[in-house]
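Written out below as structure tokens is the structure these notes cover.
The values are calculated or read from the model by the stated rules, or taken from the named source; none is laboratory data. All values reported here derive from a predicted model rather than from experimental measurement. Here the Cβ is made from the backbone with ideal geometry for all residues, glycine too, and neighbour counts use every protein chain on show. Side chains included, ligands, DNA and RNA excluded: accessible areas come from the protein's heavy atoms. Shrake-Rupley method; radii C 1.70, N 1.55, O 1.52, S 1.80 Å.
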Amino acid sequence: METLAARMRKSSHRARTALRKSAVDYFRGDASDWLAFAGLLLTVPAMTFGTLMLPVWFSPAALVLPIVAGGLLLRPASLLALYAASASALIVEALVLGPYTQGPARVTPGTVLVVAACGFFGLVIAQFRSRVGVPWRRGGTMLFDLRERIRVQSKLPALPRGWHREMALRPAGGQSFSGDFVVAARTGPGGRTLEVVLTDVSGKGMDAGSRALLLSGAFGGLLGSLPPEGFLPAANGYLLRQDWDEGFATSVHLVLDLHTGDYELLSAGHLPALQLSAGTGRWEEKAGSGPLLGVYDGAEFEPTRGSLRPGDVLMLFTDGLVETSDREIGEGIDRLTGEADRYVAAGWDGAAWHLIEKVAKDVNDDRALLLIRRSA
């Protein structure tokens, strides 16, 4: 038979599990709003009492505080009940305090208008969230989840000893969503091959973020499921089927053999990659040929091939890093390689982020930089 202590531990564990689950549901907006409604409803008589007892410190207009909070936390039905309680509180305050002509701490017409206006806008916001299907509370958590999914999908896999990889992504205007994204996977026998796709969706920032999220999921599913030469044609067909008004994208697909260092680069209208040769210290452009994704069906993509020898570096980047309204792409590439030369002797740890800071910190465009180095 179980001892009393064991039963108490089990009961305590079940209680903690139920409490944690209810807290998660409440945070995500899946639970009932009775707790928030009860709390806000109790503040109405509390504020009314304070206004009647200490009208100098508690203004009748203070009732806008639970109304504003209710617009953010409650469902429309609960919000209407809170509004009814607030309206009743205003009536009680007006009757007890007397006409507003007898002093400033009274319920004036301006107080009624302010409370009514706040209630109207709160109800409009609550009804809009309910109509579009966004969770009634903490709808911002959905956007947070979307942003985190993009970051997880853009995470580069671990590479074997002798390889170093970095990726830095900077959205336009300091926003959280970017039209540039990376998907990567190790494929082949024993994960011998590294496949990386860097894509730049038309538009920037929030405008391109939703399309980038959809494409990153689709491209992540295609990567590794098709032979390398079939990825870009499949991605092109996927974009064409979306029938977006602004539905084109540039993309570059790197297929790297982690045993030999040989690679194949396929491009869909993307900027050339840059390879630093450790032997000569010079940067060389590596560019495949192919049209933009989502322009026309039956597009063909011709690869370019190369090899990363010990000490070599390969950089993939988007146009926001090297192109601005007052600077051509060639000048931007020269500036990028000039800054990158500083890391040859100092080491490449953190170089991707610092290169964006040095070359295109204040550019109002999405910027992405992928760096792969084979150790000497």
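With a 1.4 Å probe and all protein chains left in place, how much of the accessible area of the chain comes from carbon and sulfur atoms, in whole percent?
60
Highest mean first, what order results for 269-282, 251-264, 5-18 on Cβ atoms within 10 Å?
Ranking, from highest mean packing down: 251-264, 269-282, 5-18.
Compute the helix-to-body angle for 205-222: its Cα long axis versus the longest principal axis of the chain, expressed 0 to 90° and rounded to tens.
Between the helix axis and the principal axis of the chain, the angle is about 60 degrees.
Of Ala18, Met315, Tyr263, which is farthest on the positive side of the dipole of the chain, counting Cα position, with +1 on Lys and Arg Cβ, -1 on Asp and Glu Cβ, and the Cα centre as origin?
After comparing all options, I get Ala18.
At 1.4 Å probe radius, can you tell me the per residue accessible area of the chain in Å²?
Dividing the accessible area of the chain by its residue count gives 52 Å².
Which percent of the Cα-Cα distances in the range 38-109 go past 19 Å?
The calculated P(r) of the range 38-109 puts 31 percent of pairs beyond 19 Å.
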